[in-house]
Amino acid sequence: MIYIFLAILTLYFVGGTLIALLSRKFVKGGFEDFVVGGYRVGGFLSAMTYAATTYSAFMMVGLVGLTYATGVAALGFELVYLASTIGILTTIGPTIWVRAREKRWVTPSQMIGELYSSKTLASSIAILYLVALTPYLAAQLKGIGEIFTAIGLSYEVGVVVAIIATFIWIAIAGLWSVATTDAFQGLWMISASVGVTIWILAYLLPSAGIDLEKTLNILVNARTLDNRVVNLMGFAWSISMFIGMSLPWIFFALTNPQVVQRIYIPKDAKAYKRMVTYFAIYGFVYTLICVTLGLASRAYIAVAYPEIELNLIKARDSVSPTILCKAHPILSSIAFVSIFAAAVSTANSIALSAASAVTRDLYISYSRNVDEKKAATVTVLATLLMLLVALAIAFGRVTYVVELAVTSSAILIPLAPITVAGIVLEPRRRGLPYAVTSLTLGLAVAVLAIAMFGPAKALTQPLVLELPAPLWSLLASAIPILAMVYMVRKVR
Amino acid sequence: MVIIRSTKIVLISFVLIVVLFFIPMIPAIGKAMENFNPLTLALYWVSLTVISIILGLATLRGVER
């Protein structure tokens with residue numbers, strides 16, 4: 001098994017590196033080209049990089065485990081993200097895309113800074129990206145480390161291999177190598193997940209004598225850790241958990257720089273439409289597959305290995321590796337590499353995005369006579385630095401993959417109101433005090449919740465009135481913006 | 001200039017779809033869905049997503065530049 005995995009991993013790495021090297025033919029040079037592909041990326045590549053950036057190791061590890069432990073509510077949590085993202089990409093998205101080309105925006109922090117005419121605001125948001133996204137990046141690396149452990153390899157080796165792949169595929173051609181390798185990895189991810197689903201439904205479940213009726217029966221009468229019976233096909237989450245987990249993801253497309261940047265890159269309107277269409281189809285299929293895997297895994301384990309059923313609820317990130325280890329070594333290796341690919345494709349987009357924000361809004365903004373090549377080099381160095389910090393966090397093995405990833409999004413929630421209002425109203429300097437107040441209040445609530453409950457429970461624990469912190473963070477940041485909207489309309 | 005036809009209607013529709021995702025949180029409705037059929041809740045969320053995709057793609061047809 002280990003040798004087959006290493007052979008397939010090598011194949012994947014060599015294939016990805018060749019694709020990255022080939023992508024250099026698209027490069028025209030300069031910082032803009034390095035970060036947003038010179039706004040010349042086609043529809044298919046844009047869609048695949050959007051999908052591969054969004055869907056990380058969280059899907060095949062975190063979501064499968066979450067579904068296994070808590071049931072079909074995880075489907076609602078993941079699909080509400082998809083529906084709201086399609087809403088954002090089809091309403092405000094086209095406006096962002098057009099303005100980005102007109103105003104030559106390369107980073108979302110630059111975009112917000114220009115909408116409110118403040119370099120300081122742009123710089124502050126670039127720093128916020130670093131703070132919020134480094135744990136998100138570390139979560140991807142941790143996922144890979146756990147996959148390596150499940151296979152019988154070293155956790156640390158997995159993390160280091162992931163760092164190397166991430167860095168090389170950024171350094172070769174910036175966005176071009178990231179987007180092309182994302183397309184390669186996105187196709188690998190979906191193909192592997194379809195293969196695993198077919199194997200589970202057509203072989204694994206029947207081999208344990210489980211049909212659809214029995215599966216549903218097991219899920220409807222599942223056991224909890226305290227030995228209660230719970231219906232995993234019903235709404236088994238608390239209200240606070242569902243709102244707390246879902247809310248950051250509903251605004252993900254507006255708050256996370258690695259995906260906002262993807263809105264800038266399609267070369268024309270046709271490419272933009274293709275990006276949204278293909279992403280929607282990809283997201284829908286991939287989500288259904290991962291939730292199906294989680295539910296099917298629960299049914300299978302409950303029948304074939306009842307002694308570990310409850311243990312896996314406690315160690316839910318181990319559900320996928322446990323099930324995949326039962327497949328043929330070639331299939332399981334392809335699936336494990338697909339999880340590796342999902343993590344790397346998200347990690348390289350996050351690292352490039354945050355590093356480009358640092359370069360644009362902390363270096364170029366304050367420098368005179370900036371050399372384009374030098375800016376690209378600074379981006380590479382910032383990427384390396386960020387990866388090394390994430391490496392240190394990943395070695396510390398902090399909390400669950402799901403919570404780490406979603407907590408990062410929670411910190412970024414206050415960016416949603418100022419982005420929407422900024423794009424719609426373009427308030428310039430007069431909107432700045434409102435934007436700063438909004439950001440400060442929203443962040444204060446998020447930080448308070450993390451301090452009170454810790455990162456693992458900051459999203460889901462009720463903060464006030466039995467409602468979770470992300471909702472209060474959003475409300476706190478929305479109130480100053482509503483005041484700004486009123487003020488701007490009154491002036492006009 | 002980018003034009004999106006019926007932006008306000010589309011925006012309201014998407015907000016409504018997102019709100020509808022949270023309806024099963026109401027205990028009485030969640031329980032009724034559970035009792036009706038084990039697949040009701042999953043199919044409800046899947047249907048909402050399909051509607052959002054169809055609405056999104058229809059909206060994109062109206063995007064011009």
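The values are calculated or read from the model by the stated rules, or taken from the named source; none is laboratory data. All values reported here derive from a predicted model rather than from experimental measurement. Neighbour counts run over all protein chains shown; Cβ positions are idealised from the backbone, glycine included.
For A:Leu463, are the conditions met, namely being touching a residue at least 12 places away in the same chain (Cβ under 8 Å) and assigned to a strand (DSSP E or B)? Walk me through how you get there before you give the answer.
Numbers: touching a residue at least 12 places away in the same chain (Cβ under 8 Å): yes; assigned to a strand (DSSP E or B): yes.
Spelling it out, A:Leu463 is indeed touching a residue at least 12 places away in the same chain (Cβ under 8 Å) and assigned to a strand (DSSP E or B).
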Original post:
If you scan region A:97-119, which residues turn out to be over 15 Å from A:Ser353 (Cβ atoms) and either out of contact with any Gly (no Cβ under 8 Å at 6 or more places or on another chain) or outside the structural domain of A:Arg262 (by TED's automatic domain parsing) (or both)?
Top reply: A:Trp97, A:Val98, A:Arg99, A:Arg101, A:Glu102, A:Lys103, A:Arg104, A:Gly113, A:Glu114, A:Ser117, A:Ser118
Original post:
Can you find even one residue in region A:54-69 that is touching a residue at least 24 places away in the same chain (Cβ under 8 Å), within 9 Å of chain B (Cβ to nearest Cβ), over 15 Å from A:Arg262 (Cβ atoms) and assigned to a helix (DSSP H, G or I)?
Top reply: no
Subject >> region A:200-225: number of residues that are loosely packed, with under 11 Cβ neighbours inside 10 Å and either touching a Gly at 6+ places or on another chain (Cβ under 8 Å) or part of a helix (DSSP H, G or I) (or both) >> reply: 2
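For region A:398-425, what are the residues that are modelled with pLDDT under 85, touching a helix residue (DSSP H, G or I) at 6+ places or on another chain (Cβ under 8 Å) and outside any helix (DSSP H, G or I)?
Within region A:398-425, A:Val398, A:Tyr400 meet the criteria.
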**OP:** Considering each of A:Ser365, A:Ser318, A:Ser353 in turn, give the residue that is of a type outside the set (Val, Ile, Thr), touching a Gly at 6+ places or on another chain (Cβ under 9 Å) and either crowded, with 18+ Cβ neighbours inside 10 Å or not assigned by TED's automatic domain parsing to the domain that holds A:Ala150 (or both).
**Re:** A:Ser318
Subject >> Residue that is more than 8 Å from chain A (Cβ to nearest Cβ) and under 11 Å from A:Gly87 (Cβ atoms), where the choices are B:Ile12, B:Ile17 >> reply: B:Ile12
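When the residues of region B:47-62 are narrowed to those that are at the interface with chain A (Cβ under 7 Å from one of its Cβ atoms) and surrounded by 18 or more Cβ atoms within 10 Å (Cβ to Cβ), which ends up farthest from A:Thr95 (Cα to Cα)? Quick ask: steps written out before the conclusion?
Restricting attention to region B:47-62, the residues satisfying the condition of being at the interface with chain A (Cβ under 7 Å from one of its Cβ atoms) are B:48-49, B:52-53, B:56-57, B:59-60.
Still in the running and surrounded by 18 or more Cβ atoms within 10 Å (Cβ to Cβ): B:48-49, B:52-53, B:56, B:59-60.
Working: B:Leu48: 25, B:Thr49: 23, B:Ser52: 19, B:Ile53: 19, B:Gly56: 15, B:Thr59: 13, B:Leu60: 12 Å.
The qualifying residue farthest from A:Thr95 (Cα to Cα) is B:Leu48.
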Subject >> Candidate set: region B:23-32, residues that are more than 7 Å from every other protein chain (Cβ to nearest Cβ) and not β-branched (Val, Ile, Thr); chosen: the one surrounded by the most Cβ atoms within 10 Å (Cβ to Cβ) >> reply: B:Lys31
**OP:** State whether one or more residues within region A:423-439 are under 29 Å from A:Phe242 (Cα atoms), basic (Lys, Arg) and not assigned by TED's automatic domain parsing to the domain that holds A:Glu78.
**Re:** no
Subject >> Qualifying positions in region A:143-167 - modelled with pLDDT of 90 or more, assigned to a helix (DSSP H, G or I) and of a type in the set (A, V, I, L, M) >> reply: A:Val157, A:Val159, A:Val160, A:Val161, A:Ala162, A:Ile163, A:Ile164, A:Ala165
